[in-house]
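So the structure is just underneath, and the comments pick up after that.
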Amino acid sequence: DIYVVSGIPPVQYAQTVGTGWQFISFPIAASGAVDTVFDDSIFGDGNCDWSIVQWYDANDPADHWKSYVVGAAGASDMPVMDNAKGAWIYITSNTGDGQLTLGLMAPPPVSTDIGLVGGWNLVGYPANDDSTYDIGDLKADTGATIVETFGAGPYNLVEPTDNTVLNRGQAYWVYVGGPTTWTVNW
């Protein structure tokens, strides 16, 4: 018997990173254990190491910050990473190709629904479009009043202008007045 599986073939994703804190996400339609998702040795050159990944869970008012600390899996409270989340990751060394290559492959999503709660949300941008969708579009689609991304300053954040284009692999802080769903098309 011959079986044919149709659909979009899985893809690999790599993000250029430096050492220190990075504000990233990954656009592919995957979910997995944090230590597997960010394992550069599976598909990358194995020379990008990190010590902690953090995500802000807007749905948990008792403990917003979730973390995964290398070597302290039992104390970590961030078990999975998916393409709707943005994350802070601390890169300790990157002596190879300059990229953090994800340790899993998955097909690109057709679209991703990201549930936003009233207040701050730390999200990814799971899209392939790095040229047309901008901060103004995000605000119009969600009612967001403030959007921040990686930059300079004491918190490594900046508030870009409305015509700044969103980039896959980047993470964003989004402030909305009430709950809404942001649908991101690939």
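Remarks
- Evaluation of residue 184 against the conditions (1) farther than 23 Å from residue 46 by Cα; (2) open to solvent by 60 Å² or more (accessible area, probe 1.4 Å) shows that the sole unmet condition is (2).
- Within the stretch 70-126, considering residues that are loosely packed, with under 14 Cβ neighbours inside 10 Å and polar (S, T, N, Q), the one farthest from residue 170 (Cα to Cα): 95
One line per residue, one yes/no per condition, for (1) assigned to a strand (DSSP E or B); (2) touching a Leu at 6+ places or on another chain (Cβ under 9 Å):
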{"residue": "120", "(1), (2)": "yes, no"}
{"residue": "123", "(1), (2)": "yes, yes"}
{"residue": "130", "(1), (2)": "no, yes"}
{"residue": "138", "(1), (2)": "no, yes"}
{"residue": "141", "(1), (2)": "no, no"}
{"residue": "144", "(1), (2)": "no, yes"}
{"residue": "147", "(1), (2)": "yes, yes"}
{"residue": "153", "(1), (2)": "no, no"}
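- The number of residues in the stretch 39-73 that are outside any helix (DSSP H, G or I), of a type in the set (Gly, Ala, Ser) and in contact (Cβ under 8 Å) with a residue 40 or more places away in the chain comes to 4.
- The single residue among 40, 82, 49 that is at pLDDT 90 or above, in contact with a Gly (Cβ under 9 Å, 6 or more places away or on another chain) and more than 19 Å from residue 112 (Cβ to Cβ) turns out to be 40.
- Every pair of residues 6+ apart whose Cβ atoms lie under 9 Å, when the first sits in the stretch 167-186 and is on the phi > 0 side of the Ramachandran plot and touching a residue at least 40 places away in the same chain (Cβ under 8 Å) while the second is open to solvent by less than 20 Å² (accessible area, probe 1.4 Å) and in a strand (DSSP E or B): 169/24; 169/124
- Exactly one residue out of 9, 27 is exposed (fewer than 14 other Cβ atoms within 10 Å of the Cβ) and either at pLDDT 90 or above or not in a strand (DSSP E or B) (or both), and it is 9.
- Residue in the stretch 152-161 that is within 26 Å of residue 60 (Cα to Cα), surrounded by 14 or more Cβ atoms within 10 Å (Cβ to Cβ) and among the polar types (S, T, N, Q) present: yes
- Selected residue (criterion: nearest to the chain's Cα centre (by Cα)) from residues of the stretch 81-118 that are of a type in the set (Gly, Ala, Ser) and in a strand (DSSP E or B): 87
- Any hit, the stretch 122-134, residues being more than 17 Å from the chain's Cα centre (by Cα), of a type in the set (Val, Ile, Thr) and closer than 19 Å to residue 56 by Cβ: no
The values are calculated or read from the model by the stated rules, or taken from the named source; none is laboratory data. Since the model is a prediction, treat every value here as computed from it, not as a measurement. Glycine gets a Cβ as well: all are built from the backbone with ideal geometry, and neighbour counts include every protein chain shown. The accessibility values were calculated without ligands, DNA or RNA, using every heavy atom of the protein model including side chains. Shrake-Rupley method; radii C 1.70, N 1.55, O 1.52, S 1.80 Å.
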